[in-house]
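Participant: Here's a structure for you.
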Amino acid sequence: MENTLDKKKNLRKIIPYAIILLAFLIVPAFTGNIYWLGVFIFIMYQMIGSVSLRTIFLSGNISFAHGSFIAMGAYFAGILAKDLGFPPGVTLLAGALFACVISVITGFPFVRLRGLYYGMASLFMGVAIIYVIQALKVTGGSRGLLDIPSMFSSIYANYYFFVILTVVCLLAMYRFEFSRIGITLRALAQSPEVASSIGVSESFYKLLALGFGSFFAGLTGAAFALYSTVLSTTNYGLTFSIWLLMYMMIGGDSKFIGPVIGTVIFVLIPEIGRSFSAYAPYLTAAAMLVVAYLIPGGLAGIPDLIRRRKRKNKVENLSEGGQAI
Amino acid sequence: MKLLETSGLTKRFGGLTVIDNLDFGIEEGEVKGLIGPNGAGKSTFFNLVTGVLLPSAGKIKYDNRDITRSKPHQVAKMGIGRTFQMNPLFGDFTVLENVKAAFHLRPHSSLFDIYFNSKVYRDNEKQIAESAEEILAFLGLINVRNELAKNLSHGYQKILGVARALATRPKLLMLDEPLGGLNPEEIDFFIKAISNLRDQGITILIVEHNMQVLDILNSVSVISFGQKIFEGTPGDMRQNSTVAETYFGGVI
Ligand SMILES: Nc1ncnc2c1ncn2[C@@H]1O[C@H](COP(=O)(O)OP(=O)(O)OP(=O)(O)O)[C@@H](O)[C@H]1O
Ligand SMILES: [Mg+2]
């Protein structure tokens with residue numbers, strides 16, 4: 001009895017992912033338009049970014065440096081591919097590892113900071129990283145890194161590569177969150193003092209979340225570099241980090257699927273209504289307010305909200321019935 | 001043998017000396033009370049021992065090891081479990097999840113085992129689920145095991161704090177005002193549970209204002225303004241005039 005209930009619950013969890021995956025798989029059948037394929041690649045690239053940002057967020061820290069870690073993966077992979085001629089498999093992994101290692105090293109001094117203070121530290125770190133990239137020669141400085149050898153020449157190959165990459169990355173992060181590691185991180189986020197009292201090293205687990213999340217940030221950055229073949233720091237500044245945070249918060253930061261939904265919707269909406277794309281920031285701000293006031297759990301929290309409403313109605317009906325008797 | 005021993009322990013906050021040259025010890029296997037008026041420094045003492053605060057001077061020895069500068073998670077690993085006076089919880093976890101999460105140290109699964117869902121990890125988690133239920137049953141929380149911790153009554157939350165500390169499999173259990181917020185029935189039940197734990201061989205240190213705990217204490221230390229003013233049995237404490245004056249305003 002309990003088992004079938006669990007199965008039903010699991011099935012219900014998989015359905016939204018299945019729908020989204022199916023949509024992404026069949027997009028090319030509906031539009032051979034290169035522009036639209038590019039938009040969907042752009043969604044997947046950022047989706048891995050915002051989901052990995054949420055992995056870090058599990059430990060209770062909000063990072064404003066995530067866009068910069070994506071940039072580091074992108075630039076490191078780009079330089080390895082362009083100047084040293086490394087094959088894509090190596091550059092992708094190297095980009096991911098580079099972002100992971102640098103995030104842990106730069107995160108180490110700030111690991112004791114919490115909440116707003118961590119946010120401030122990560123903000124400065126993120127901005128500093130972009131300045132360093134701009135100041136260096138190998139990165140092409142402010143002119144950008146051009147002529148990176150691409151991984152696949154066909155847009156379809158690039159597209160399906162991103163679909164596979166996204167599925168693999170999301171599965172890897174899903175496992176992280178729903179294992180004891182994720183439970184420990186969520187415990188730490190709720191009360192660092194209680195977590196320490198049961199033997200959790202706050203520094204270790206915060207760095208673990210940071211390193212793990214940044215690995216996927218670097219990976220998606222590297223993949224996008226090999227697809228787009230040009231990199232410019234203007235695409236990675238603080239604004240980019242804030243967008244990733246927006247996707248996560250509007251989508252719903254308490255659920256794994258939150259940033260997935262958030263990214264799809266907030267990249268697609270301005271694309272669909274090209275004519276009002278200039279208003280995209282205002283629309284996002286409005287959406288932010290709506291979410292903050294009406295659906296605190298984000299878009300992914302709507303089903304829960306409805307369920308709770310229903311239950312409440314039921315309880316009220318019951319108590320009314322009780323009075324009638 | 002002394003399980004925990006402090007010598008010359010001192011803690012100053014700016015100019016305020018909150019723990020003043022305190023020599024304190026607890027024998028292995030006993031239940032000891034630490035009592036004193038509000039602001040005497042009892043919670044500060046807990047925080048010094050468990051590494052939440054660093055002492056200004058003095059030494060802390062536990063189980064023949066110097067833990068003066070140990071961090072909270074290291075102290076927990078060595079076998080000191082504790083609760084907090086303000087009793088923070090993992091509020092968004094259920095009661096059962098709170099206790100299961102607290103099995104962080106023992107049994108141990110490596111990150112690799114956990115991530116790749118190895119047999120070691122699965123076996124450990126099975127064992128944790130059983131042990132967690134046992135603890136909840138022991139402390140009378142089994143019927144609320146699926147409630148969110150933040151929705152519990154004050155009393156149940158206090159007991160959940162103890163359940164969580166027990167999940168670390170402590171040798172020394174330190175309870176900061178565990179009876180606060182409990183109703184009389186819960187207090188009776190809880191006091192029985194404590195003596196039960198002592199029988200299992202756990203050494204227990206209790207900070208408490210409620211004098212009902214005196215019945216189960218082997219010994220008591222009384223502190224005032226961070227200094228020890230009495231040490232002895234609960235019976236002797238009742239007779240002691242200094243304690244009566246500073247703590248109870250002369251009425252016992
Ligand atoms: N972080 C801190 N900074 C400054 N002063 C502090 C700090 N923590 C505690 N104190 C002060 O130290 C003194 C002792 O506080 P403590 O909480 O240890 O007392 P207590 O014996 O636990 O009292 P109670 O019975 O009310 O819980 C108080 O005067 C308190 O104001
Ligand atoms: Mg106190």
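Participant: Amide H to amide H, which residues 5 or more places from B:Ile223 or on other chains are under 5 Å from it, using H placed in the peptide plane?
Facilitator: Excluding prolines and chain starts, which carry no amide H, the hits are B:Ile35, B:Gly36, B:Ile229.
Participant: Also, quick follow-up: Placing +1 on the Cβ of each Lys and Arg and -1 on the Cβ of each Asp and Glu in the stretch A:2-278, which of A:Val163, A:Gly258, A:Ser103 has its Cα farthest towards the positive end of the resulting dipole?
Facilitator: Positive-end residue among those listed: A:Gly258.
Participant: If you don't mind, there's one more thing I want to ask. Over all directions, average the projected area of the Cα convex hull of the stretch B:114-190 and note it in nm². Provide the component values of the computation, followed by the final result.
Facilitator: Details: hull surface 25.3 nm².
The number I arrive at for the stretch B:114-190 is 6.3 nm².
Participant: While we're on this one: What are the ³J(HN,Hα) couplings of the stretch A:6-23, residue after residue, when phi is run through the Karplus curve with 6.51, -1.76, 1.60 and θ = phi - 60°? Round to Hz, x for glycine and proline.
Facilitator: 3J(HN,Hα) across the stretch A:6-23, in whole Hz: 4, 4, 4, 4, 4, 4, 4, 5, 6, 3, x, 5, 4, 4, 5, 4, 4, 4.
Participant: Rounded to the nearest whole Å³, what is the per residue volume of the convex hull around the Cα atoms of the stretch B:2-247? Provide the component values of the computation, followed by the final result.
Facilitator: Working: hull volume 32.5 nm³, N = 246.
It is 132 Å³ per residue.
Participant: Rounded to the nearest 500 deg cm²/dmol, what is the calculated helix-only ellipticity per residue at 222 nm for chain B, with -39500 (n - 2.57) per DSSP H run of length n ≥ 4? List each step's numbers first, then the result.
Facilitator: Values: 9 runs with 91 residues, N = 252.
Calculated mean residue ellipticity at 222 nm is -10500 deg cm²/dmol.
Participant: Separate question: Could you give the dipole magnitude of the stretch A:122-250 about its Cα centre, charging the beta-carbon of Lys and Arg +1 and that of Asp and Glu -1, in debye to the nearest 20?
Facilitator: On the way: 6 positive and 4 negative charges, 16 e Å.
That gives a dipole near 80 debye.
Participant: Would you look at the GNM of chain A, springs on alpha carbons closer than 10 Å, and say which of A:Tyr117, A:Tyr293, A:Tyr227 moves the most?
Facilitator: Highest fluctuation among the options: A:Tyr293.
Participant: For the stretch B:2-247, give the magnitude of the charge dipole about the Cα centre (Cβ charges: +1 Lys/Arg, -1 Asp/Glu; no others), in debye to the nearest 20.
Facilitator: Values: 27 positive and 28 negative charges, 174 e Å.
It comes to approximately 840 debye.
Participant: Let me ask you something else. Do the sum for chain A: with -39,500 (n - 2.57) for every DSSP H run of n ≥ 4, divided by all residues, what is the mean residue ellipticity at 222 nm, to the nearest 500 deg cm²/dmol? Let's see the in-between values first.
Facilitator: On the way: 13 runs with 246 residues, N = 325.
When only DSSP H runs of four or more count, the value is -26000 deg cm²/dmol.
Participant: How much of the DSSP bridge set in the stretch B:2-247 is antiparallel, in percent, rounded to the nearest 5?
Facilitator: Working: 21 of 37 bridges.
Beta bridges within the stretch B:2-247, antiparallel portion: roughly 55 percent.
Participant: Residue farthest toward the positive end of the dipole of the stretch B:2-247, with Cβ of Lys/Arg at +1 and Asp/Glu at -1: which of B:Phe13, B:Asn98, B:Ala165?
Facilitator: In the stretch B:2-247, that residue is B:Phe13.
Participant: What are the semi-axes of the equivalent ellipsoid of the stretch B:178-252, taken as the square roots of 5 times the eigenvalues of the Cα gyration tensor, listed largest first and rounded to whole Å? Provide the component values of the computation, followed by the final result.
Facilitator: Values: eigenvalues 109, 44, 24 Å².
Listed largest to smallest, the semi-axes of the stretch B:178-252 are 23, 15, 11 Å.
Participant: Taking each pair of different alpha-carbon atoms in the stretch A:135-179 once, compute 1/r for the pair, average those values, and report the inverse of that mean as the Kirkwood hydrodynamic radius in Å to one decimal.
Facilitator: Numbers: mean 1/r = 0.0744 Å⁻¹.
Averaging 1/r across every pair of different Cα atoms and inverting gives 13.4 Å.
Participant: Just B:Gln74, B:Gln227, B:Gln127 to compare: in a GNM of chain B, with alpha carbon springs under 10 Å, which one fluctuates most?
Facilitator: Looking only at B:Gln74, B:Gln227, B:Gln127, the biggest GNM fluctuation is shown by B:Gln127.
Participant: Quick one: dipole size for the stretch A:2-278, taken about the Cα centre, charges +1 on Lys/Arg Cβ and -1 on Asp/Glu Cβ, in debye to the nearest 20. Walk me through the intermediate numbers first.
Facilitator: Numbers: 17 positive and 9 negative charges, 74 e Å.
Roughly 360 debye, rounded to the nearest 20.
Participant: Additional query: Among A:Ile295, A:Ile79, B:Gly41, flag the residue with its Cα farthest along the positive direction of the charge dipole of the protein assembly as shown, charges on Cβ as +1 for Lys/Arg and -1 for Asp/Glu.
Facilitator: Farthest towards the positive end: A:Ile79.
Participant: Can you tell me the equivalent ellipsoid semi-axes for the stretch B:61-145? Use √(5λ) from the Cα gyration tensor, largest first, whole Å. It would help to have the intermediate numbers written out before the result.
Facilitator: Numbers: eigenvalues 114, 84, 29 Å².
Those come to 24, 21, 12 Å.
Participant: Right, something else. Number of Lys-Lys pairs in the stretch B:67-203 under 21 Å by Cα, sequence gap 8 or more or different chains?
Facilitator: 12
Participant: I need the Debye-formula profile for the stretch A:2-278: one equal scatterer per C-alpha, no solvent, reported as log10 I(q)/I(0) at q = 0.13, 0.15 1/Å, two decimals.
Facilitator: For the stretch A:2-278, the Cα-only Debye profile gives -0.86, -1.13.
Participant: Over the Cα atoms of the protein assembly as shown, what is the Rg over Rh ratio if Rh follows Kirkwood?
Facilitator: On the way: Rg = 28.3 Å, Rh = 26.9 Å.
My calculation of the ratio gives 1.05.
Participant: Further question on the same structure: What aspartates and glutamates sit close enough to B:Lys228 to cross-link, taking a C-alpha to C-alpha distance under 13 Å and skipping anything fewer than 8 places away on the same chain?
Facilitator: Of all the aspartates and glutamates, those that pass the test against B:Lys228 - Cα under 13 Å, at least 8 places apart if same chain - are B:Asp20, B:Asp23.
Participant: Turning to a different aspect of this structure: Considering all alpha-carbon pairs of the stretch B:3-145, what whole percent are spaced by more than 25 angstrom? Intermediate results must be reported in sequence, preceding the final value.
Facilitator: Details: 4388 of 10153 pairs.
Looking at the stretch B:3-145, the distances longer than 25 Å represent 43 percent of pairs.
Participant: Can you tell which of B:Pro184, B:Pro55, B:Pro107 shows the greatest fluctuation in a Gaussian network model of chain B with Cα springs below 10 Å?
Facilitator: So, out of B:Pro184, B:Pro55, B:Pro107, the one fluctuating most is B:Pro184.
Participant: Would you check the stretch A:2-278 for Lys pairs whose C-alpha atoms are within less than 28 Å, ignoring same-chain pairs closer than 8 in sequence, and give me the count? Mind dumping the intermediate values first?
Facilitator: Working: A:Lys7/A:Lys255; A:Lys8/A:Lys255; A:Lys9/A:Lys255; A:Lys13/A:Lys206; A:Lys13/A:Lys255; A:Lys82/A:Lys137; A:Lys206/A:Lys255.
Lysine pair count for the stretch A:2-278: 7.
Participant: Check which residues have an amide H placed less than 5 Å from B:Ile19's amide H, if you skip close sequence neighbours.
Facilitator: HN-HN under 5 Å from B:Ile19: B:Lys11.
Participant: Something else about it: Go from 0 up to the bin containing the longest alpha carbon distance in the stretch A:200-275, width 10 Å each, and give me the % of pairs per bin.
Facilitator: 16, 36, 38, 8, 2, 0
Participant: For A:Arg114, what residues show an amide H to amide H distance below 5 Å, using hydrogens built from the backbone and excluding near sequence neighbours?
Facilitator: Excluding prolines and chain starts, which carry no amide H, there are no hits.
Participant: Another question, if that's okay. Starting at the first residue of the stretch A:138-154, write each ³J(HN,Hα) from the Karplus equation 6.51 cos²θ - 1.76 cosθ + 1.60 with θ = phi - 60°, in whole Hz, x for Gly and Pro.
Facilitator: Taking θ as phi minus 60°, the curve returns 4, 8, x, x, 7, 6, x, 9, 10, 6, 6, x, 7, 6, 10, 7, 7 Hz for the stretch A:138-154.
Participant: Once you have the Kirkwood Rh of the stretch A:1-138 from its Cα pairs, apply Stokes-Einstein at 10 °C and 1.306 mPa s and quote D in µm²/s.
Facilitator: Numbers: Rh = 18.0 Å.
My calculation gives 88 µm²/s for D.
None of the figures in this text is laboratory data; all of them are computed from the coordinates on show. Source: prediction; values computed, not measured. Note that we place each Cβ from the backbone using ideal geometry, even for glycine, and neighbour counts take in every protein chain shown.
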